[in-house]
Amino acid sequence: MFIRQFEQTDYPAVKNIYQQGIDTGNATFQRIAKSWEDWNDSMHGHSRLVVVKDDSLLGWAALSPVSNRNVYSGVAEVSVYVASNAQGKGVGKKLLSHLILESENNNIWMLQAGIFPENIGSISLHKSNGFRQLGVREKLGKMNGIWRDVVLMERRSKTVGTSGN
């Protein structure tokens, strides 16, 4: 299993894994995977990773900006998705730890994640990579007519955005 930079030709497999996450009902408010154009436009051009084993893409991770305002240029939202047949095998942990390094190499000082409280695996994954839970945004949005809460988590870099930088 190795991690490499995402290439546009990876998108069909990325989209499939994204849809698997969507289909769980606990990964995102998104109902169908975005088109290549929409996905590409919503993500930073940097910090896009895939994990591959035996020519099979097992997961992906990427960052999206939280705002187009310059003051927030070092703050990004994390997306980590693992194929259903690869879950529980350390793929997510490997992806997220590499994504953190990539983010810092691109001057990102704060990572944030919004996770449904029912997604205990994702919350644990983020905590194991230095994220802390800030709180719960209650009834943030409706999904299939039901209000959903979102756990807000963040990780602040110890090397980027510190007082010495």
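The values are calculated or read from the model by the stated rules, or taken from the named source; none is laboratory data. Keep in mind that this is a model prediction, so the values were computed, not measured. Heads up, the Cβs are rebuilt from the backbone with ideal geometry, glycines too, and the neighbour counts pull from every protein chain shown.
Under the condition of being under 15 Å from VAL80 (Cβ atoms) and more than 15 Å from the chain's Cα centre (by Cα), the residues counted in segment 14-24 number 1.
Quick check, is LEU58 modelled with pLDDT of 95 or more, buried (at least 21 other Cβ atoms within 10 Å of the Cβ) and not in a helix (DSSP H, G or I)?
On the way: modelled with pLDDT of 95 or more: yes; buried (at least 21 other Cβ atoms within 10 Å of the Cβ): yes; not in a helix (DSSP H, G or I): yes.
So LEU58 fits the description; yes.
If you take the residues in segment 76-92 that are outside any loop (DSSP other than H, G, I, E, B) and out of contact with any helix residue (DSSP H, G or I) (no Cβ under 6 Å at 6 or more places or on another chain), which one is surrounded by the most Cβ atoms within 10 Å (Cβ to Cβ)? Talk me through it step by step, then tell me what you get.
As a first pass, look at segment 76-92 and keep what is outside any loop (DSSP other than H, G, I, E, B): 76-82, 84-86, 91-92.
Those left that are additionally out of contact with any helix residue (DSSP H, G or I) (no Cβ under 6 Å at 6 or more places or on another chain): 76-79, 85-86, 91.
Details: ALA76: 25, GLU77: 17, VAL78: 27, SER79: 20, ASN85: 10, ALA86: 18, VAL91: 22.
Among those that are outside any loop (DSSP other than H, G, I, E, B) and out of contact with any helix residue (DSSP H, G or I) (no Cβ under 6 Å at 6 or more places or on another chain), it is VAL78.
Residues SER67, SER47: which one is out of contact with any Lys or Arg (no Cβ under 6 Å at 6 or more places or on another chain), part of a loop (DSSP other than H, G, I, E, B) and without any contact (Cβ under 8 Å) to a residue 12 or more places away in the chain? Just one listed residue meets the conditions, SER67.
Residues of segment 93-111 that are of a type outside the set (Asp, Glu) and surrounded by fewer than 19 Cβ atoms within 10 Å (Cβ to Cβ): LYS93, SER97, HIS98, LEU101, ASN105, ASN106, ASN107, MET110. Among the residues of segment 124-146 satisfying the criterion of being within 20 Å of the chain's Cα centre (by Cα) and charged (D, E, K, R), which is surrounded by the fewest Cβ atoms within 10 Å (Cβ to Cβ)? Among residues in segment 124-146 that are within 20 Å of the chain's Cα centre (by Cα) and charged (D, E, K, R), the one surrounded by the fewest Cβ atoms within 10 Å (Cβ to Cβ) is ARG132.
Every residue in segment 8-25 that is farther than 30 Å from ILE146 by Cβ and in contact (Cβ under 8 Å) with a residue 40 or more places away in the chain, please. If you could, list the steps in order and put the result at the bottom.
Of segment 8-25, the ones farther than 30 Å from ILE146 by Cβ are 8-13.
Matches in segment 8-25: ASP10, ALA13.
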